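The values are calculated or read from the model by the stated rules, or taken from the named source; none is laboratory data. Quick caveat, the model's predicted, so the values are computed rather than measured. Every residue, glycine among them, receives a Cβ derived from its backbone with ideal geometry; neighbour counts consider all protein chains shown.
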């Protein structure tokens, strides 16, 4: 077969399963040499397969460098990558001293310049375009440490339920020990209720 016909006939039929999406690639010449043109297309998985995770297909557990802490449950990595910690709910900065305490606690666990491993669950982005992740500082699950310290509450929102039991157990323990803001009545009005002006 002549090379011209070959370049038209050869198609990269490789399929990769990445983050719940089916990614198919095709090349104009099917080669993997430098400069080859590869076109990536994204398709839903076949009926009956588990539902795909939301967000770009390239996401996988990764490490980022903390650039700044936004509040008690969100931060930014270098490159202006915004991250919302999954499974916790902290007082907002606008909630005065409670918000400041939660932010200070997260800053202590993840100071600027520190690498943090991001572990993703089923849904990987929120409605604001932030990554949804569990943060690991060494062997410490930061989400859990914030709840256990009494600086945030557990806030479970399906489908991200990987550490539900650990987070709920951490909240129960913090409440019993009167850790953090449990000692001062800081959670007499839950953050979600305060944002909704219900208390």
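Laid out as a table, the results:
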{"quantity": "Residue tally, condition at pLDDT 95 or above, in a loop (DSSP other than H, G, I, E, B) and more than 22 Å from residue 113 (Cα to Cα), over the stretch 39-89", "calculated": "1"}
{"quantity": "Residue ranges of helices (runs of 4 or more DSSP H) in the stretch 95-199 with at least 2 members surrounded by 13 or more Cβ atoms within 10 Å (Cβ to Cβ) and at pLDDT below 95", "calculated": "97-109, 191-195"}
